[in-house]
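The values are calculated or read from the model by the stated rules, or taken from the named source; none is laboratory data. In this text, all values refer to a predicted model and were calculated from it rather than measured experimentally. Here the Cβ positions follow ideal geometry from the backbone for every residue, glycine too, while neighbour counts run over all protein chains shown.
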Amino acid sequence: MKHILHEAFRSPKFVTGFVIFMAILALVVFYPLFVTDHPLAIIGQGTFFPPGIYVSVYDTTNAPQYTMMLPEAEGNRIGAKLGDVEREAMREWLIDFGIPRAEIDIDDTAKLMTLWDAYYDPALRFQGMTSARQKYFARLDASLEGLLVMEPRVIAVPNTETGAFEASQSIELTDFVNVNEVANVRVLPLGTDNFGRDMLTQLVSAIGTSLQIGLVAGTVATLIGLTLGLMAGYIGGLVDDVIMFFTNLFTAIPGIVLLILISYSIGQENRGAVTVAVVIGVTSWVWTTRAVRAQVISLRNRDHVNLSKLSGHSIFHIIFADILPYILSYVVMAFILQISSGILAEAGLSILGLGPKTTDVPTLGLMMRWAMIYSAHILNKWWAFFPVIVAIALISFSLNLMNTGLDQVFNPALRE
Amino acid sequence: MKGYRKYFGAKLIWFGVTLVAAFMLNFILPRLMPGDPVAVITQRVTQGMTSQTGVQKVYEEYANLFGTTKPMHEQFILYMGNMLKGDLGTSFSQYPRPVSDIIRSSVWWTVSLQFPAIIVGWLLGNLLGALAAYLKKGWDKVLMPVSIFVSNLPAFGSAIILLVIFGVQLSLLPTSGGYGFDLIPNFSFRFIWSVFVHYQLPFWSIVLISIGGQAIGMRSMAIYELNADYVKYARFLGIKDRKIIGYVFRNAMLPQITGLALSIGTMVGGALVAETIFSYPGLGSTIFSAVMGQDYPLISATTLIITLMVLFATFAIEILYGFIDPRIKAAQTEQ
Amino acid sequence: MGKVMLEVRELTTKYITRFNEDIYAVDHVSLKVEEGKSLGIAGESGCGKSTLALSLMGYYFPPLYYTSGDIIINERNISGMDPDEVRKSILGKEIAYIPQAAMNALNPTQKVINFVEDVIHAHEPTATKKDIYDMARQRFEILGLPAEVLQKYSVELSGGMKQRTVIAISVILGPKVLIADEPSSALDVTSQKMVIKMLRDLMDRGMIKSMIFITHELPLLYNVTDDIMVMYAGQMVEHATAEQAVFDPLHPYARGLMGSIIVPESGLRGHKLAAIPGVPPNLKKPPSGCRFAERCKYVTPTCRAVSVNMREAANDREYRCIFAEQELREMYKNE
C-alpha cells in the first residue's frame, strides 16, 4: 500500500489531479469560516447582479471625504455614460433626423451634446425604427441628463417640522471616499443569481453538497458492486449466472431511464440530497460489479487462495484476507470514477427537474437548473452558469486524473 | 456460417430478453410506489387543482390505464395489450393529446440528432485517440489533457459553452428550437434550411461530448495494441511502421465498437440533457416538460421509447461487429 | 573455420525508464557465430538475454536505445546504419527473429497469407500475390505445414501450429541468422520437441545459415546448440562449447544455473538440485565489483572492490571471475 502511494505520487497525472481536488476541498472547508452567510440567503433585490464590488451609496455620503484633483476624472465620468456605442447611436439618430453626417463629430463630446439637446425628441419614431430602439434612445437621453453639468450635487434632508427639503451636504466633483472607510461594502466576486443570492457562497456550498452526493452515490454503488462482484466471481455457478444476467440487463438499459423513473416515483417532497445520492448509487453499480468479478475470477484459483481454502479458513476470512487486498486498487479506482459520475448524474437529473428538493440545499445541478430556467445562457449572464460548469468539470477532471495516474501505476503498459 | 448463426442467435435472444425486461421495468416501477400508485400520481398531477370532479376524472383515467383494481398478472396483460395497440395513455400536461402522438412528433428529432452525432463523435474520437497513441511525444502531451478535460465537461456544459459562443456572442446560429418559431413544417427550402441551421449547435455539442471519452478509450486501446507481441514481431520482419499502425488501428477499433454498444445508453442520457439546453423538440425536452407538468404517462412512455431505441441500437452494433471481427467467428466455431 | 555470419563487438544497449533512468540491460557483450553453427544464450529471467536478442537486430524503438558497439551481419556492419535501411535490407532477409510469445505474435484479425504478403512486400514491393502465395505454400509444405494454414486467422490455429507458422514466416526470406527467443518455453512437451526438431531441420536444409537460441533452461541447450553463452545482469559471464558449459561450467553462476533446474534428460540426472539464493542486482545502479558477488558462495572482499573482466581459459573458453581456472576447480572439488 505504501509502495502504491509512493508510486502514485510519482505520477504527474495523479499529483495534478490530487492537488486540484485538495484545492477544491480546501475551498469548501475554509470558505464558510470567512463567509458565514447562509448560502441561500437572498441579498439582492433583482436578478443577475454582475460580479463586482458593491458599495453602499448611502454610507458613501457619510464616509469621510477627501479632495483629489484627478485630470482624468471628467473623461472617465463622461466615458462611463457615453461610450463609443452610445456616440454611434446618437449619430444614427441625428442622421435619421436629418442632420448631415459631416456636421456631426462624435469625438467632440460638447458639440455632440449640444446637437443632441437641441434636436432630440423622444416622441419621434423614424421609418424602420423598432419600438425597442425608440425606448433605448429615451433611456440614453435620460442617462445623459446633466452629464456636462459641473455643479456640485446637493443632498437634501426633509425638515422634521416643515417637511421641506433642506440642503445638508454638498458633494463636489472632486470629492472622494476611501472604500475602506465606507461602512457597507459587499464584494460579489461572481455576482448574484436569478434570486439575488450570492453566487460564490452558493457555489462553494453547492460544491460541498455535490461532493457529498458523489461520495454517497459512489459508496453505495461501490458497496453493491463489490458485494455482487465478489459473490459472482467467488461463488460462481448459478449465483454468477443470476448476478451477471442482471448486470448485463442493467448495462443494456440506460441508467438515465432508471434514474428518471425512480426519482419521479419517489416524489418531489421525499427527494433530499441523500435520497438522490442513494438513487444514483443504486442505478450505477454495474461497472464495479463487472470489474470486481473479472478480478476475483482471475484470483480465485491462485495458490495463496487455494492454500487458504485448504487451511480451512472461512469464506469471509478468504475474501477479506486473500482476495480484497488484491482487488483493492481496482475498487478504489472504480470508486473514484463513481464519485465523479455521481456528481454528473445529479446535475443531469436536476436540470431535468428531478434533483433534490429545491429550497433545502444548493447543489451544482440545481444551480444549473435555475440558471437555465431564467435563461442566463441566452441573456449572457455568464457568472450564473459558467462557474458551475467549471466547478463540475474541475471536480471530475481532478478525479479522472487521479484515476488515470493510478491506472498507470497498476498497468505499466499504459505508461508512456 | 454456422458460427455466425450461433452468435447472432445468442444476440437475438438477448435482445428479446432485454426488451421484455424494459417493458417489465416500465410496468413495475410505478407500481412499486408506496401506497396506491394511482392515488399518489393523481395527487401529484392534480396539485393546485380545485375542482373535485377534475381530480376524480384524473383518478379514473389512471385507474383505467393501470387497471389497478385487477390482479397483477391481468394488469400486465392489459398493459402489454395497450402497448401493442400503441396506446400509451393520455397526456396530462397537454390534455387530451394522446401520449403516442407527442412521442411520435418528438422521437424523430432525437433519432436524427443523436445517432448521427454519436457516430461522428465516435469516429472523430477514435481518430484522435489513435493519433495521440501513435504520436505519444508532443501531440499526446497537448491532445490528452485537452481531451480529458473536454470529456469531463458535463454534456450540458459543452452544450452551453457552444451555445454561448456561437449562438449568443457571435450570433451565428440560433440558440433554441428545431426550426424557426415563425415557420410551419413543410418541404420548402426555407424550412429545411432553418432545420439545418438549428441542427448545428445540438449536433456539434453531442459530437464534442462523445469525442473526448472515445479518444481516451481509443488511446489506451491503441497503446495496449502497440505493445502487443504481433507489433514487435511485424517490426522485426521489416514491415513498415505505417502498415503496422494500420493493424493496430483496426484491432484497437474493434473493441471500441463493443465499447460503443456498452456506452450508448450513457451517451444518450447525456445527449438528452443537452437537448433540453437547446429546447430541441426531441425526447429530452419532452421529458423536461413532462417533469415540469407532472405528466406521469408521458414520462413513462418517453423513458420506454428511449430504452427501446438504445436496446435496438446496441443490438444493431453487435450484429455489425459480428461481421467485422474474425475473432467472433473463430470463437464460435471452436466451441 | 567457417565464414562468420554474425559478429558482435562490445555491444551496449539501454532502456530509458519513464523517470529518465538508464538501465544498461546489455553491457559490452561480444559474440561470434559461424556459418552452420548455433549459439545458445542462457540466464535467469531479467538477465538481459531477451534484450540482447532484440539488440542484435540493430533495430531499436523506445524504450530500448543503442549506446555503443558493433553488429556485423554477413560482413556488413549495421550499427549506425539508417533505420529504414536496416528495416529494408537486414530485417527478415539477413537476420530474423522468433519471439518469445508466439501465441500472440500474429495479428489476430489478419489471415496468415495476408501477413506473409505484407512481409514480402516490405522487401520486394513488386512481388505479385500469386508468386507470394506459391512461394509461401511451397515453404510451408517443406516445413510440414498444410497449405490451408495460409487461409486461416491466427485465432483459428492451435498453439503448436501457431508457433510453427511463426517459424515458417520468420525464415521465408532465407535469413543468414535466426534468433529464437525461448521459442518452446510456452509449449507442451510434444510441441517443444517438434519446434526444436523444426529448428534443426532449418539448419540442415540450409534455410538458415546460423542460429542463436535463447532460453532460461541451460541444459536444454545441450541438445540444440554448438556453443553456449551464459549471461548475468547484462553481462556475459561464461562462454564455452555446449558440452563444457553444461558438464564443466567454470563461473560459479553457470554452475548454480545448472543446479537450479530439474532435468529429465539422460546423462544429466543425478546433479544436485540447488537454487541460487538471492536476486540479481538492480541494473539502475549496478555494483562496481563483480555483479554476482552478493549471491556467490566463494565471494571475497576483492570481488566487491574490483571490476571483473572476461578472461580466457583452456580450450578457447572464456569466463568472468577474479579466480583463475585452477583455483575455481580446486574450490569446486572441495565441495
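Residue check: is A:ASP37 surrounded by 12 or more Cβ atoms within 10 Å (Cβ to Cβ), of a type in the set (Asp, Glu) and either under 30 Å from A:THR359 (Cα atoms) or touching a Leu at 6+ places or on another chain (Cβ under 6 Å) (or both)?
yes
Across region A:258-278, what is the number of residues that are within 12 Å of chain B (Cβ to nearest Cβ) and not charged (D, E, K, R)?
Here the count works out to 12.
Which condition from (1) in contact with a strand residue (DSSP E or B) (Cβ under 9 Å, 6 or more places away or on another chain); (2) within 28 Å of A:LYS81 (Cα to Cα) is the one that A:GLU166 breaks?
Going through (1) in contact with a strand residue (DSSP E or B) (Cβ under 9 Å, 6 or more places away or on another chain); (2) within 28 Å of A:LYS81 (Cα to Cα) one by one, A:GLU166 breaks only (2).
Condition (residue is in contact (Cβ under 8 Å) with a residue 60 or more places away in the chain, within 14 Å of chain A (Cβ to nearest Cβ) and closer than 30 Å to B:ASP241 by Cα) applied to region B:111-131: is it met by at least one residue?
Within region B:111-131, one or more residues are in contact (Cβ under 8 Å) with a residue 60 or more places away in the chain, within 14 Å of chain A (Cβ to nearest Cβ) and closer than 30 Å to B:ASP241 by Cα.
State the number of residues belonging to region A:230-257 that are away from every other protein chain (no Cβ under 12 Å) and within 29 Å of the chain's Cα centre (by Cα).
Number satisfying all stated conditions: 0.
Residues that are of a type in the set (Gly, Ala, Ser) and surrounded by 11 or more Cβ atoms within 10 Å (Cβ to Cβ): list the strands (runs of 3 or more DSSP E) wholly contained in region A:103-205 that include at least 1 such residues.
Strands (runs of 3 or more DSSP E) meeting the threshold: A:153-158, A:165-171.
Residues that are in contact with a Gly (Cβ under 6 Å, 6 or more places away or on another chain) and within 10 Å of chain A (Cβ to nearest Cβ): does region B:219-227 have at least one?
yes
Spot the failing condition for B:VAL231; the list is (1) at pLDDT below 85; (2) facing another protein chain (nearest Cβ under 9 Å), and only one is missed.
So B:VAL231 meets the others, but not (1).
If you scan region C:110-159, which residues turn out to be of a type in the set (Ser, Thr, Tyr) and crowded, with 18+ Cβ neighbours inside 10 Å?
Matches in region C:110-159: C:TYR153, C:SER154.
Looking at (1) farther than 28 Å from B:ILE277 by Cβ; (2) surrounded by 22 or more Cβ atoms within 10 Å (Cβ to Cβ); (3) under 22 Å from the mean Cα position of the chain (by Cα), can you tell me which one B:LEU254 breaks?
So B:LEU254 meets the others, but not (2).
Residue pairs, Cβ under 6 Å, 6 or more apart or interchain, first in region A:217-238 and surrounded by fewer than 24 Cβ atoms within 10 Å (Cβ to Cβ), second not in a helix (DSSP H, G or I). List them.
Going by the 6 Å Cβ cut-off, the qualifying pairs are A:ILE224/A:TRP285.
Can you confirm whether region A:49-56 contains a residue that is outside any helix (DSSP H, G or I) and at positive phi?
Yes - at least one qualifying residue is present in region A:49-56.
Look through A:ASP141, A:ASP107 and report the one residue that is acidic (Asp, Glu) and over 30 Å from A:SER170 (Cα atoms).
Among A:ASP141, A:ASP107, only A:ASP107 is acidic (Asp, Glu) and over 30 Å from A:SER170 (Cα atoms).
Please state which of the following conditions B:MET218 fails to meet, knowing it meets all the rest: (1) without any contact (Cβ under 8 Å) to a residue 12 or more places away in the chain; (2) over 30 Å from C:LYS88 (Cβ atoms).
Evaluating B:MET218 over (1) without any contact (Cβ under 8 Å) to a residue 12 or more places away in the chain; (2) over 30 Å from C:LYS88 (Cβ atoms) leaves (1) as the failure.
Within region B:179-197, is even one residue modelled with pLDDT under 80, of a type outside the set (A, V, I, L, M, F, W, C) and in contact with a Pro (Cβ under 9 Å, 6 or more places away or on another chain)?
For region B:179-197, residues modelled with pLDDT under 80, of a type outside the set (A, V, I, L, M, F, W, C) and in contact with a Pro (Cβ under 9 Å, 6 or more places away or on another chain): present.
So which strands (runs of 3 or more DSSP E) stay within region C:25-112 end to end and still have 3 or more residues that are away from chain B (no Cβ under 14 Å)?
C:38-42, C:64-73
Can you spot a residue in region A:270-278 that is more than 22 Å from A:ILE224 (Cβ to Cβ) and assigned to a helix (DSSP H, G or I)?
no
Looking at A:VAL257, is it without any contact (Cβ under 8 Å) to a residue 12 or more places away in the chain and in the same structural domain as A:SER341 (by TED's automatic domain parsing)?
Taking the combined requirement at face value, the residue satisfies it.
Being surrounded by 17 or more Cβ atoms within 10 Å (Cβ to Cβ) and more than 19 Å from the chain's Cα centre (by Cα): is that true of C:VAL29 here?
No; evaluated as a whole, the condition is false for this residue.
Scan region A:346-366 for residues that are within 12 Å of another protein chain (Cβ to nearest Cβ) and under 12 Å from the mean Cα position of the chain (by Cα) and report the count.
3
Determine whether A:SER284 is assigned to a loop (DSSP other than H, G, I, E, B), surrounded by 15 or more Cβ atoms within 10 Å (Cβ to Cβ) and either touching a helix residue (DSSP H, G or I) at 6+ places or on another chain (Cβ under 8 Å) or modelled with pLDDT of 85 or more (or both).
When the stated conditions are applied, A:SER284 passes them.
Would you tally the residues in region B:208-222 being β-branched (Val, Ile, Thr) and either under 8 Å from B:ALA252 (Cα atoms) or crowded, with 24+ Cβ neighbours inside 10 Å (or both)?
2
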